[in-house]
Structure formats: C-alpha cells, structure tokens
1. Report the residue count in region B:1-38 for those that are assigned to a helix (DSSP H, G or I), farther than 22 Å from B:TYR90 by Cα and of a type in the set (Phe, Trp, Tyr).
2. Can you tell me which residues in region A:9-23 are within 13 Å of DNA strand D (Cβ to nearest atom) and of a type in the set (Phe, Trp, Tyr)?
3. Looking at region B:42-63, which of its residues are under 20 Å from A:SER73 (Cα atoms), more than 8 Å from DNA strand D (Cβ to nearest atom) and surrounded by fewer than 19 Cβ atoms within 10 Å (Cβ to Cβ)?
4. Could you pull out the residue among B:THR57, B:THR34, B:THR48 that is within 8 Å of DNA strand C (Cβ to nearest atom) and of a type in the set (S, T, N, Q)?
5. Can you find a residue that is polar (S, T, N, Q), under 24 Å from A:TYR124 (Cβ atoms) and either more than 9 Å from DNA strand D (Cβ to nearest atom) or modelled with pLDDT of 95 or more (or both) anywhere in region A:34-41?
6. Find all pairs meeting these conditions: Cβ atoms under 6 angstrom apart; at least six residues apart or on different chains; first residue within region B:66-94 and within 13 Å of A:GLU120 (Cβ to Cβ) and in contact (Cβ under 8 Å) with a residue 12 or more places away in the chain; second residue buried (at least 20 other Cβ atoms within 10 Å of the Cβ) and small (Gly, Ala, Ser).
7. Right, A:ASN6: surrounded by fewer than 17 Cβ atoms within 10 Å (Cβ to Cβ) and away from DNA strand D (no atom under 15 Å from the Cβ) or not?
8. Would it be correct to say that B:ILE20 is more than 11 Å from DNA strand C (Cβ to nearest atom), within 17 Å of B:GLU96 (Cα to Cα) and modelled with pLDDT of 95 or more?
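The values are calculated or read from the model by the stated rules, or taken from the named source; none is laboratory data. Since this is a predicted model, take the numbers as computed values, not measurements. Heads up, the Cβs are rebuilt from the backbone with ideal geometry, glycines too, and the neighbour counts pull from every protein chain shown.
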Number of protein chains: 2
Amino acid sequence: MEKSANMLRKFDVKPSFQRIKIFDYLLNNRIHPTADTIYRDLVKEIPTLSLTTVYNTLKLFEKNNLLISIKISENEQRFDVDTSNHAHFYCKTCKEVYDIPTESAICTKTVEQYGGKIDEIHIYIKGKCNKCQEGE
Amino acid sequence: MEKSANMLRKFDVKPSFQRIKIFDYLLNNRIHPTADTIYRDLVKEIPTLSLTTVYNTLKLFEKNNLLISIKISENEQRFDVDTSNHAHFYCKTCKEVYDIPTESAICTKTVEQYGGKIDEIHIYIKGKCNKCQEGE
DNA sequence: CTTTGTGCAAATTCTTTGCACCAAA
DNA sequence: TTTGGTGCAAAGAATTTGCACAAAG
C-alpha cells in the first residue's frame, strides 16, 4: 500500500484510496488486465467502487507514465505497469497476454530517416502459447 | 476491375460487384482506411451500398488472407491489402498510418523457445510524422 | 470554502447480428 | 429452387461524458 502511494506521488498522482488500490492491484497482478477485470476483482473488496473510477484512474496513470495501454486482444484495452521495453504475445486460444523480452531498436531508423519522432513502439505477436499447443 | 476479380477468385472469394469494388478501392487507396472511410467513398459511386456489406466483405477478405487488419489508431480497425512483412507508423497529429519497411524476425525466438506458435506479428510505432514536425 | 475525486446513468462509437429480400447458378 | 450476397434496423460491447455528491486541504 505505502509503496504504491509513494510511486503515485513520484509520478504526480495524488494517492487516493481507490488509486492506491488500483495501482496495487496492477503491481500484484501482472496479467495485463482490462478495466473490467480490475473492477470485478476490486469491487469484492471495495463494494462502492465504480467502473468509471477504474477507467478514470487508468487514464490518469497512463497520462502520467505509470502504465502503458495495450491493444492486442479483440476489442479491449489492457494495461501493463511494466513500462520498460518489451513485446507482447497474445494466445488466441486461452486469450492470455504474455510479456516477451526484446531488444527492440527495430526499424526506428526508417522512421527517423524521414524526420518522424517516435513516442511508442508496440510489438504484438499473436498465435498459440505452449500450454495450448500441448492440449492438442 | 478484372485484376481485382481474378485476385478474389485466387483467394476463393466469389467476385461479386461490391466485393470487386471494395477490393479495387483497397488496391488503389493505400491509406489503411477504416470500414467507414471505404463506405463513405464508395457510396458516392454505389448509392445502394451498405456499411454492413463493407464490414462483411472486409471480414471475409481477412479470413481469406486478402488483407490484414490493423489496430494502431484509437478505437478503430484499419485495413491493409499489403500482407507482406512490414511495420506501421501512426502519426498522432495527422492520424495517418504509414508503412515502414522492416526485417522482422524479432523476438520470435523467445516465443518459439517456450513452444508457442506464431501466427501474426504486428509492429506499431506511434509518434509524429515528418510533415507534422515541420509545422512547428 | 474551494478544489478535486468518485460514481451513477446516459451517451457515444465501432462493430456485429437477425432477418428479409434479391440475385446467381 | 437452392444457395449465398446484400442491406436495413436493432443489438452489443467497450469506453466516455455530464452531472451531482462527497472528500480533502
């Protein structure tokens, strides 16, 4: 709890109860959850929580670089507190998102060559994970 | 028109009037359009066209590997008839999507190492394009 | 007090579905 | 005549917005 609160302060986010809980959840559940997943899990503990607050908070966190938003699965946004350089693997069978290490400096040269400025790089790999392969 | 029709047949898609027109549009407008963009442009020429048909058709094309769907911009799907290996650059300012060449064999080893099978790799780069940089 | 956060309900956006009609084989 | 394509209207899912109330400083 206190660790999360300090983290929030460091990124200029006022640590309200809900914000701390949501950030805490993200730190302890590295499953790239959707807003709804976070809401469903936390509402058990905080019955007054609303989905709107979860959305508001995640948006604020993203703006303040506390997390990145990933759009790898069907029509939903997922959130990742690991803001370091890495790729994501989406298993189309079990719908899980896995982190994949990478040394991506990929094709940034081409963009820069034309004078473009890069803010974000997303590498999304889709397929079937090892567990789902086995079950065949 | 005939070129498109043959292309469709080759990928096991019956070349109806609408399908040919939509495929034609995609071939001649390499702007990664959304379903709505395609609809708005084509309805001028084909007043009876419906957005549903555009969606149906794009879905069919995707299933038959005539195009890939990209989710790089905010909440919309865009379509690209270039199914070869390349990355996409999204300019957050002008909202355009540009093709970026790449030699991506990126971090596929890590996935395969764990026994996963890769179907698709999407590389999305976001930032500001050269034109939008200049205007500052 | 005054500002900021929270949460309900309604709205919005993109996409899909159900269904009836139409066209082609 | 049977199959498959088209298109309208309605539904659906994820996210955002407007607004009122609550909390914090």
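1. Initial filter on region B:1-38 (assigned to a helix (DSSP H, G or I)): B:2-10, B:17-28, B:35-38.
Then drop every residue that is not farther than 22 Å from B:TYR90 by Cα, which leaves B:2-10, B:17-24.
Still in the list and also of a type in the set (Phe, Trp, Tyr): B:17, B:23.
So the count comes out to 2.
2. A:PHE17
3. Hits for region B:42-63 are B:TYR55, B:LYS59, B:GLU62, B:LYS63.
4. Values: B:THR57 fails: within 8 Å of DNA strand C (Cβ to nearest atom); B:THR48 fails: within 8 Å of DNA strand C (Cβ to nearest atom).
Result: B:THR34 is the single residue among B:THR57, B:THR34, B:THR48 that is within 8 Å of DNA strand C (Cβ to nearest atom) and of a type in the set (S, T, N, Q).
5. Step one: filter region A:34-41 for residues polar (S, T, N, Q), giving A:34, A:37.
Applying the additional criterion that residues be under 24 Å from A:TYR124 (Cβ atoms) yields A:34, A:37.
Filter once more, so that each one left must be either more than 9 Å from DNA strand D (Cβ to nearest atom) or modelled with pLDDT of 95 or more (or both): A:34, A:37.
Scanning region A:34-41, I find at least one residue that is polar (S, T, N, Q), under 24 Å from A:TYR124 (Cβ atoms) and either more than 9 Å from DNA strand D (Cβ to nearest atom) or modelled with pLDDT of 95 or more (or both), so the answer is yes.
6. B:TYR90/B:SER73
7. On the way: surrounded by fewer than 17 Cβ atoms within 10 Å (Cβ to Cβ): yes; away from DNA strand D (no atom under 15 Å from the Cβ): no.
Spelling it out, it is not the case that A:ASN6 is surrounded by fewer than 17 Cβ atoms within 10 Å (Cβ to Cβ) and away from DNA strand D (no atom under 15 Å from the Cβ).
8. Numbers: more than 11 Å from DNA strand C (Cβ to nearest atom): yes; within 17 Å of B:GLU96 (Cα to Cα): no; modelled with pLDDT of 95 or more: yes.
When the stated conditions are applied, B:ILE20 does not pass them.
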